[in-house]
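What follows draws every value from the coordinates through simple rules; no lab data is involved. This is a predicted model, so every value here is computed, not measured. When we count neighbours, we look across all protein chains shown, and the Cβ atoms used for this are built from the backbone with ideal geometry, even at glycine.
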Amino acid sequence: MNYIGAAEKTSAAQAQSRDREFLVFSLGEEEYAIDILRVQEIRGYDNVTRIANAPDFIKGVSNLRGIIVPIVDLRIKFRLSDAVYDDQTVVIVVNIAERVVGIVVDRVSDVMTLGDEQIKPAPEFGVNLPLDYISGLGNLEKRMLVLVDIEKLLTSREMELVAEAGE
């Protein structure tokens, strides 16, 4: 009877320790990752239609098979150095809160599976930095991934402008 109880506990622990898949992308020298279930598609960066008076990180809007999609450049949003548009620059189209948004990144590298033991909590910096969109850090042997909660990032008050741009 003790063996049955131990087996049930092991199964419960394994069920709680779920592996999650992330799409890994680069912004400058850093690697970031978002939940693969939020990704609709990956496209090459095309010209977008600018929206007057939009913040600089909102590149504009694009027509995606009849749907007007706001395009956000995460490199500018995260205040990284010069955003260069080349053949590696891509747009990750994501579904967030019943909205479709495109995010511009330097390049997409791979899809990675992380177990709970590889995900560490986001650091606390002790200053008033708006970093609640960082859900954790993916700790790999020689790589550290910043795990971005894309929904928190794209539903923040600042990002309400994105919704207005897509209407």
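Hey, could you check segment 80-127 for residues that are of a type in the set (Ser, Thr, Tyr) and not in a loop (DSSP other than H, G, I, E, B) and say which is surrounded by the most Cβ atoms within 10 Å (Cβ to Cβ)? Give the derivation first.
Looking only at segment 80-127, we keep the residues that are of a type in the set (Ser, Thr, Tyr), and these are 81, 85, 89, 109, 113.
Within this subset, residues satisfying the condition of being not in a loop (DSSP other than H, G, I, E, B) are 109, 113.
Values: SER109: 14, THR113: 10.
Once the filter is applied, the top-ranked residue is SER109.
Against the test of being charged (D, E, K, R) and under 25 Å from ARG18 (Cα atoms), the options ASP132, ASP56, ASP87 yield a single qualifying residue, ASP132. Every test in (1) loosely packed, with under 14 Cβ neighbours inside 10 Å; (2) part of a helix (DSSP H, G or I) is passed by ILE76 save one, and that test is (1).
Inside segment 41-57, can you point out the residues that are in a strand (DSSP E or B) and either without any contact (Cβ under 8 Å) to a residue 60 or more places away in the chain or farther than 22 Å from GLU29 by Cα (or both)? Correct list: GLU41, ARG43, GLY44, THR49.
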